[in-house]
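Structure first, then comments.
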Amino acid sequence: MPRRWVAVLACLAALVALACEGGGSAAPRPTRSAGQPGGPGGIAALGDSISTGFASCLVLTSCERNSWSTGDGLRVRSHYRRLLDQDPSIRGRAYNHARPGARADALEGQAKAAVRDRADYVTVLVGANDVCRGGVDAMTPVAEFRADVDRGLRALRTGRPKARVLVVSIPDLYRLWEVGHGDARATRAWRRGVCPALLANATSTAPADRSRRAAVRDRIDAYNAELVAACRAYGSRCRHDGGAVHRVRFTLDMLNPLDWFHPNVNGQGRLAEVTWGSSGLAD
C-alpha cells in the first residue's frame, strides 16, 4: 500500500477515536445536575425527633423508616419515596441526621453531615425542643434561636450552594394540649415529663398555668417568624412551608399512644403530605 494511503488511514482512525471518546463536536450525554433534587446526592433530614419518626413504631425510640422526610417504609409516603418515584437513581441516598432532643444549636453539625453526604435536597424541622427543654424560663431566647438556625443554614449554603432547602414550621403544640388535656391517657403520659413547659399540670385552669401555656404558644409563633426570615435570608434555594405544618389540626389519632406527643404513622404521613406541596418538587 502506498505510504500516503497509510498516513490517510491513520488520520481517519485518530478522528474516529476522538469522536468515540466524546471529543470534537460530538454532543455530550445528558446528565443530572449535581444541584438538582433527585440527583446523585439524594435527600437529608435535619432537626429533632419528629423527623426521626420517634415512637411511630410503638417503641419510644426513633423509627426512621416512618420519617415524613427520609423514610423508606411503605406506610408513609415520605419525601424520599416521592423523589424515588421521580428518579430511581437516588435509591439508598436518604440520610437522616435529625436527633431526638436536638435543639436549633445542633443544626450546624447536622448540616455539615449533610454536606459530607453531598445532599441535593435538605429538610429542616426544628424548634420543639427549644420550647420543651424545661420550664418557660429555660426556653431558648428568640434571638439565640435565630442565630442557631442561621449558622446551620450557612453551613449548608457554604458546603452545598446548589442544594435546595425546605424549612418547615414548628407544629402547633398548643393545639396538641387543646385536644389532649381532656383525655386521661394523654395527661397520664404527659405527667412523665413530656414537654413540661406546655403540658405540666395539663388539666389545671389556674392563672399561672394558663399564662405558662400562652407563653409557649407565643414563643412558637416567634420562632416560626424567625424561620421564615432565615429562609428568606438564605436566598432562592430555600423554601418555607408557609406555615403548612403549624396549621395542621392535629387529632389524637395522629399521635402515638405511648407519649401522646410525637406523630404516629398517620401523623407522619400527614406531615409528608402538607410539606411536599411546599417543596417545589411536586412536578
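The values are calculated or read from the model by the stated rules, or taken from the named source; none is laboratory data. Just so you know, these numbers come straight off a predicted model, no measurement behind them. Reconstructed Cβ throughout: ideal geometry from the backbone, glycine too, with neighbour counts over all protein chains shown.
Some points to look at:
Matching residues to (1) among the aliphatic types (A, V, I, L, M); (2) touching a Cys at 6+ places or on another chain (Cβ under 7 Å); (3) within 17 Å of Thr140 (Cα to Cα):
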{"position": "Arg191", "(1), (2), (3)": "no, no, no"}
{"position": "Asn201", "(1), (2), (3)": "no, no, no"}
{"position": "Pro207", "(1), (2), (3)": "no, no, no"}
{"position": "Val216", "(1), (2), (3)": "yes, no, yes"}
{"position": "Tyr223", "(1), (2), (3)": "no, no, yes"}
{"position": "Leu227", "(1), (2), (3)": "yes, no, yes"}
{"position": "Arg237", "(1), (2), (3)": "no, no, no"}
{"position": "Val245", "(1), (2), (3)": "yes, no, no"}
{"position": "Arg249", "(1), (2), (3)": "no, no, no"}
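- Any hit, region 252-259, residues being buried (at least 20 other Cβ atoms within 10 Å of the Cβ), farther than 19 Å from Leu125 by Cβ and at pLDDT 95 or above: no
- Selection status of Arg249, more than 19 Å from the chain's Cα centre (by Cα), part of a helix (DSSP H, G or I) and under 17 Å from Leu176 (Cα atoms): no
- Residue in region 141-162 that is surrounded by 19 or more Cβ atoms within 10 Å (Cβ to Cβ) and more than 20 Å from the chain's Cα centre (by Cα) present: no
- Ala104 being at pLDDT below 95 and either over 17 Å from Arg164 (Cβ atoms) or among the charged types (D, E, K, R) (or both): no
- Here Ala163 fulfils each of the conditions (1) of a type in the set (Gly, Ala, Ser); (2) in contact with a His (Cβ under 8 Å, 6 or more places away or on another chain); (3) touching a residue at least 60 places away in the same chain (Cβ under 8 Å) apart from (2).
- Search result, residues across region 163-187 that are part of a loop (DSSP other than H, G, I, E, B) and among the β-branched types (Val, Ile, Thr): Val168, Ile170
- Residue satisfying all of: in region 86-115; over 20 Å from Trp68 (Cβ atoms) and either among the aromatic types (Phe, Trp, Tyr) or without any contact (Cβ under 8 Å) to a residue 24 or more places away in the chain (or both); surrounded by the most Cβ atoms within 10 Å (Cβ to Cβ) among these: Gly109
- Residues of region 37-73 that are assigned to a loop (DSSP other than H, G, I, E, B), within 16 Å of Pro88 (Cα to Cα) and out of contact with any Cys (no Cβ under 9 Å at 6 or more places or on another chain): Pro37, Gly38, Gly39, Pro40, Gly41, Gly42, Thr70, Asp72.
- Meets criteria (at pLDDT 95 or above, of a type in the set (S, T, N, Q), assigned to a loop (DSSP other than H, G, I, E, B) and farther than 21 Å from Val248 by Cα) for Ser204: yes
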